[in-house]
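Shown next, in structure tokens, is the structure this report addresses.
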Amino acid sequence: MRGFQFSKFLPNKLPKGGFDELLKLFTELLNYTAGDAGETLAWMNELDKQYKFTNNEYGMGNFIDDLKDKGYLKEENGEVKITAKTEQTIRKSALEEIFGKLKKAGKGNHNSNISGIGEEKNADRREYSFGDSLDQIDMTASIQNAQINHGIGDFTLTDRDLEVEEKDYKTLTSTVLMIDISHSMILYGEDRITPAKKTAMALAELIKTKYPKDTLDIVVFGNDAWPITIKDLPYLQVGPYHTNTLAGLELATDLLRRRKTHNKQIFMITDGKPTCLKENGRYYKNSMGLDRKVIGKTLNMAAQCKRLNIPITTFMIAQDPYLQQFVRQFTQINGGRAFYSSLTGLGEYIFEDYIKNRRKTFRGS
């Protein structure tokens, strides 16, 4: 089944029956079936036989009918398919899962280097000075200062009592998220593409809802590289591809050149080394070790991104020691950063980095 190897399904919390509970399981399983509604429902039927999360009052047939009635499923040419409403539900679910972990862990509380008349409050306080806007004044704290300084019998409020809240500047950010869809993303019994896909959906939903002026482009790369839309994400699958990192970087850079924002960045999710190039319409491939020709051209592209003030943050979701040297060299040449992330921590890493980066301006060296 698509090259995956599955272990026994042991959910943390089984559905207790009813539409809402079953919908959560349905949307979660869609991530693993690449948006195939029929296959997902078949899985749910098998799981129901084993775990009995439906009952005589509400069975799988009722659930399927409700999915259609509520606009989550549609029928086309005799096949059931998910709708745009379901696609958005999957993105929201991914956002809640990843952002919930981020808030619980206390991550993402970053200050920028510039304060003043910004957009987002921070912890800094100071006395009022001429030119500060009224919406920066903390009236509760200012009244308290006046009572302490002058007493409460004859209330007096002076400019020395006014307390101003600093605010962080936030810059508009254009991000390209590169996702490796080479065959190694499902090798050795480990599903690496699903966490990458869920992270992309969550990041897309975050930007659409909280930072709508920012832009997010998504690029997938195997033997070649091509852009996909947010709508395509639930259906993303790994292919029988090598890893043409160069093509992905070239496309990502071209997309960012068209953006008029000052902050431009690339997030690259990969689990392996570059193994492929395309020259004069033909593929040059070498999966044995680190090919000097492939690596050299990939490193040259990293240097070009640095000259364009485009930092690359690499999220390596494999920890093979022989790959770390390449990643360190790639990161040093670009001036970016690298994380050796576990699959479970991938989303939190990317969210924290995205929120941090959009509060600063990238400057050329």
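The values are calculated or read from the model by the stated rules, or taken from the named source; none is laboratory data. Everything numeric here is computed off the predicted structure, so don't read it as measured data. Quick reminder, even Gly has a Cβ in these numbers, built from the backbone with ideal geometry, and neighbours come from all protein chains shown. For the accessible areas, the whole protein counts, side chains as well, though only heavy atoms, and no ligand, DNA or RNA atoms are used. Shrake-Rupley method; radii C 1.70, N 1.55, O 1.52, S 1.80 Å.
For the chain, how big is the tail of P(r) above 34 Å, as a whole percent of Cα pairs? All intermediate terms of the calculation are to be shown ahead of the outcome.
Details: 26674 of 66430 pairs.
Distances greater than 34 Å cover 40 percent of the Cα pairs.
Think of a 1.4 Å ball rolled over the protein heavy atoms: the chain then has 52 Å² of accessible area per residue.
Rounded to the nearest 500 deg cm²/dmol, what is the calculated helix-only ellipticity per residue at 222 nm for the chain, with -39500 (n - 2.57) per DSSP H run of length n ≥ 4?
Working: 10 runs with 145 residues, N = 365.
The helix contribution divided over the chain gives -13000 deg cm²/dmol.
Exactly which trypsin sites (Lys or Arg not before Pro) in region 181-258 are in a DSSP loop and have at most 11 other Cβ atoms within 10 Å? If you can, show how the numbers build up before the last one.
Details: sites: Arg192, Lys197, Lys198, Lys208, Lys210, Lys213, Lys231, Arg257, Arg258; in loops: Arg192, Lys213, Arg258.
Taking region 181-258 and a limit of 11 other Cβ atoms within 10 Å, the loop trypsin sites (Lys or Arg not before Pro) found are Lys213, Arg258.
The string of couplings for region 55-67 from the Karplus curve (6.51, -1.76, 1.60, θ = phi - 60°) is 9, 5, 7, 9, x, 4, x, 4, 4, 5, 4, 5, 4 Hz, one whole number per residue in order, with x for Gly and Pro.
Rounded to the nearest 0.05, the FRET efficiency derived from the C-beta distance between Asp66 and Leu172 at R0 = 51 Å is 0.80. Using alpha-carbon pairs under 8 Å, 6+ residues apart, how would you state the relative contact order of the chain in percent? Reported relative contact order: 17 percent. For Tyr235, the solvent-accessible surface with a 1.4 Å probe is about 80 Å², rounded to the nearest 10. For the pair Asp154 and Lys74, label points projected 7 Å from Cα toward Cβ lie 7.5 nm apart. Each label was represented as a point 7 Å from its Cα along the Cα-to-Cβ direction; for Arg282 and Ser129 these points are 6.7 nm apart. Exposed loop positions in the chain were taken to be GluC sites (Glu not before Pro) whose DSSP state is not H, G, I, E or B and which have at most 16 other beta-carbon atoms within 10 angstrom. Between these positions, the longest stretch is 191-365.
Comparing Cα centroids, region 57-96 and region 279-318 end up 40 angstrom apart.
Per-residue surface analysis assigns Tyr340 an accessible area of about 70 Å², computed on protein heavy atoms at 1.4 Å probe radius.
Calculate the FRET efficiency for Gln324 and Thr209 from the Cβ-Cβ distance with a Förster distance of 35 Å, rounded to the nearest 0.05. Please report the intermediate quantities before stating the final value.
Details: r = 36 Å, r/R0 = 1.03.
In this case the efficiency is close to 0.45.
Could you tell me what percent of the accessible area of the chain is made up of carbon and sulfur, with a 1.4 Å probe and every protein chain present? Working shown, then result.
Details: 9170 of 18900 Å².
Solvent-exposed carbon and sulfur of the chain make up 49 percent of the total.
Averaging the sequence gap over all C-alpha pairs within less than 8 Å and six or more residues apart, then dividing by the number of residues, gives region 174-361 a relative contact order of 23 percent.
In region 126-165, Cα pairs under 8 Å separated by at least six residues give a relative contact order of 59 percent.
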